[in-house]
Amino acid sequence: MKKSNLDDLKVTDVRAGVTRRSFSGAGATLAWGTLSPGHEPRPHTHPHEQIVYIVSGHGTFTVGDETTEVKQGDMLVVPSNVLHYAVAADDEPLVDLSIFNPRRDDYYTADEG
């Protein structure tokens, strides 16, 4: 059995103002991301479907051509290979929990490896 605690997961500095922790199984990855106010948004794509849950904070999330305001408790889906990014509001970090399918081997290597 694979078991961990969020506090025990390695924190990876993705870039200035962005950190991540992750935990993977054989077929999926959980990733906790923290975006600090003022971070540089980086639109990107990946082959994984991503389901996002906003743990705390608020800001905006852009998926394809749609931008929506997000706050604690909101959820959204990022389809595979669709350009997307999030921006934290100016007053507090935006923390999200994402589920990626299939597993993010790049996160496993960086965060758990």
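List of remarks:
- Dipole of the chain, positive end: most advanced residue of T60, V82, H48 [Cβ charges, Cα centre]: H48
- Cross-link partners for K2 among the aspartates and glutamates, with Cα-Cα distance under 14 Å and sequence neighbours closer than 8 places in the same chain left out: E112.
- Using the Cβ of R103 as centre and a radius below 13 Å, the other residues enclosed give a net charge of -3, where K and R count +1 and D and E count -1.
- Rolling a 1.4 Å probe across the protein heavy atoms gives region 1-88 an accessible surface of 59 Å² per residue.
- Note on D105: accessible area is roughly 90 Å² with a 1.4 Å probe, heavy atoms of protein only.
- For D8, the solvent-accessible surface with a 1.4 Å probe is about 120 Å², rounded to the nearest 10.
- Computed over region 1-76, the alpha-carbon pair-distance distribution with 5 angstrom bins reads 3, 11, 21, 27, 23, 10, 4, 1, 0, each value a whole percent.
- Rule-of-thumb Rg ratio for region 34-106 [Cα; 2.2 N^0.38 Å; N residues]: 1.04
- Counting charges near A28 (Lys, Arg +1; Asp, Glu -1) among other residues having Cβ under 10 Å from its Cβ returns a value of +1.
The values are calculated or read from the model by the stated rules, or taken from the named source; none is laboratory data. Remember, it's a predicted structure, so these values are computed and weren't measured experimentally. Backbone-built Cβ (ideal geometry, glycine too); neighbour counts: all protein chains shown. Just so you know, the surface numbers come from the protein's heavy atoms only, side chains and all, with ligands and any DNA or RNA stripped out. Shrake-Rupley method; radii C 1.70, N 1.55, O 1.52, S 1.80 Å.
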